[in-house]
């Protein structure tokens, strides 16, 4: 870190991301193709739900899409009992399935991370029992959730309070999600709301993912200067990624990202 351009400090002068474990813990993203050419998936170290939920309605193309939310650990006979489905808000005490519009999904934010595992699927059309059975079976068998229903546009797996997987038939949807995670990273480093920062262009993220399919970003490898932030990115595969070998530059003046070809 450049001593003449320190990161933002708290009132006592300590850096915002001051804990060594936080400095070393990366945001890790891995992009891979799904079987049978149904799309791609983005696996993530647990990502905060709210920033990606804000992006959720923009990830689909159908005006009649609704989000199916269910707990995959629920016994199948209970899960498939349509009389216990909720169509307004989530109520885990009486139902393990909810079909929500965007407003109801936003109200459900505090509840989405309250179960060990939650599945969210954006579905272009109504949900029936056999649809849910197929979605549940695909997840339980370790297959792509999208394979459970041809109308499924995007799917997410929430585990222990964070989003750990996104699936989509459109790769640019996952680039948008990866870009949102870089906004979250800048938020941690700069101590500002993530919405204050711009998003990298899809081609910038695609160029990085093309190296190995994996990106790891650590606060300790991010340098903050007066007018820009240099975000170090490791493309090494594996949980214990090596040091940064690529970078993206975020221009604080223009709110744009830049990289080197």
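The values are calculated or read from the model by the stated rules, or taken from the named source; none is laboratory data. Bear in mind the structure is a predicted one, so any value in this text is a computation, not a measurement. Glycine also receives a Cβ, built like all others from the backbone with ideal geometry; neighbour counts cover every protein chain displayed.
At-a-glance table
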item	result
Of all residues making up the stretch 230-242, the number that are modelled with pLDDT of 90 or more and either surrounded by fewer than 15 Cβ atoms within 10 Å (Cβ to Cβ) or outside any strand (DSSP E or B) (or both)	2
Residues located in the stretch 60-74, provided they are over 21 Å from the mean Cα position of the chain (by Cα) and either modelled with pLDDT under 85 or within 21 Å of residue 150 (Cα to Cα) (or both)	63, 64
Residues that are in contact (Cβ under 8 Å) with a residue 24 or more places away in the chain, under 15 Å from residue 53 (Cα atoms) and over 19 Å from the mean Cα position of the chain (by Cα), drawn from the stretch 101-126	101
Yes/no for residue 57 being outside any loop (DSSP other than H, G, I, E, B), surrounded by 13 or more Cβ atoms within 10 Å (Cβ to Cβ), in contact (Cβ under 8 Å) with a residue 40 or more places away in the chain and more than 13 Å from the chain's Cα centre (by Cα)	yes
Residue among 166, 205, 182 that is closer than 30 Å to residue 70 by Cα, modelled with pLDDT of 95 or more, part of a helix (DSSP H, G or I) and within 19 Å of the chain's Cα centre (by Cα)	182
Within the stretch 95-131, tally of residues that are farther than 14 Å from residue 56 by Cα and touching a helix residue (DSSP H, G or I) at 6+ places or on another chain (Cβ under 7 Å)	6
Failed criterion for residue 134 (all others in (1) within 23 Å of the chain's Cα centre (by Cα); (2) outside any strand (DSSP E or B); (3) modelled with pLDDT of 90 or more hold)	(1)
